[in-house]
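Here is the structure we will look at, set down as structure tokens.
The values are calculated or read from the model by the stated rules, or taken from the named source; none is laboratory data. As the structure is a prediction and not an experimental result, all values here were calculated from the model. For neighbour counting, all protein chains shown are included, and Cβ atoms are generated from backbone atoms with ideal geometry for every residue, glycine included. Side chains included, ligands, DNA and RNA excluded: accessible areas come from the protein's heavy atoms. Shrake-Rupley method; radii C 1.70, N 1.55, O 1.52, S 1.80 Å.
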Amino acid sequence: MRILMTGGAGFIGSNVVDAYVEAGHQVIVVDDLSSGSRANRNPAARCYNVDVRSDEIDHIVETEHPDVVNHHAAQVSVRRSVEAPLTDASVHILGSVRVLEAAHKHGVRRVIFASTGGAIYGEIERGLGDEQHPCRPLSPYAVAKLSVEHYLEYYRATYGLETVVLRYANVYGPRQDPHGEAGVVAIFIQQILAGIAPTIFGDGEQTRDFVYVDDVVRANLAALDVAVGGDRSSVFNIATGREASVNEVWDTLAAIAAPTVTPHHEPPRPGDLRRSVLDPARAKRDLGWFPTVDLAEGLARTWEWFLARETAERQAA
């Protein structure tokens, strides 16, 4: 296939691009590098340094004529969305509508959208949050992601565009930006390497569903071919169904990295969720996807990647 990947130089997007290229697809990357990195760009992909809000998006889609658009370009920080909701809405909503309009005009068959399950449902009070769980977004970031899902449904219902929504839990792994969404793993590792005592907000017993980036990549591969139809967009939680506390993440990582620092606690941050854990059953049933990397293995892989990068940077200095 010819696949246009927005946000293809970012943490998740670049890992997906690598897998698409390895699978033999022709990939075109659109990324303004505001949060992505040149170092993440795959040399086999043609790259445009363009903001998705730009008029150039229409020309790129028309010229490249992709079969599929995978839309990962985003303002990646929940906290930043609270500080600057206008910017967040501009990137997520206006940028996404521009991408969808270009896809509709120029004959794109399918759009895959990276949404958020970790933020869009709000508090999961009991059990696992499935795709029918009420959406109670508590940040501009989550509000915008949900808005884009509604736009996807409009383009599906009105123009017949195939749409697949992947609602990610808290993704972690190699290339993660410690300043982005769900960055606690990368933050902890960065602080361990720098010898800085990490901060845990609140009692550390707040829980999240941590899913390793390689598993997320596999979901994006499956989303290329999954059968879609019916009267709604195809929406899937990409998650493990297992919750882990921030304290558990630290303890597991500490057993791997043997840090010289210990965390300290500060008051909880306003608006932080207490519990978020998602049900991946629909993805297993309809997408043929399920997580394969548990938290301990994923943290070990992530630590080794960050450690190798730190070592290489010190040797080059």
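So the values come out like this:
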{"item": "Inter-centroid distance (Cα atoms) of region 23-52 relative to region 79-120, Å", "result": "17"}
{"item": "Reduced Cα scattering model of the chain, Debye log10 I(q)/I(0), q = 0.09, 0.11 Å⁻¹", "result": "-0.43, -0.66"}
{"item": "Size-normalised alpha-carbon gyration radius of region 52-125, reference 2.2 N^0.38 Å", "result": "1.25"}
{"item": "Accessible surface, per residue, of the chain when the full set of protein chains is kept, probe 1.4 Å, Å²", "result": "43"}
{"item": "Rh (Kirkwood; distinct C-alpha pairs) - region 1-159, Å", "result": "16.0"}
{"item": "Portion, in percent, of the accessible area of region 194-293 that falls on carbon or sulfur, probe 1.4 Å", "result": "52"}
{"item": "Counting all C-alpha pairs of region 1-91, share separated by more than 22 Å (%)", "result": "25"}
{"item": "Packing rank of 82-88, 310-316, 16-22, 267-273, where each peptide gets the mean count of other beta carbons within 10 Å, highest leading", "result": "16-22, 82-88, 267-273, 310-316"}
{"item": "Cα-based radius of gyration of region 134-184 once divided by 2.2 N^0.38 Å, which approximates compact folds", "result": "1.43"}
{"item": "Hydrodynamic radius by Kirkwood, which averages 1/r over all alpha carbon pairs of region 210-317, in angstrom", "result": "16.8"}
{"item": "Histogram of C-alpha separations across region 157-286, 5 Å bin width, %", "result": "2, 9, 17, 19, 17, 12, 9, 7, 4, 3, 1, 0"}
{"item": "Semi-axis lengths (Å, descending) of the ellipsoid that matches the C-alpha gyration tensor of region 84-202", "result": "31, 18, 13"}
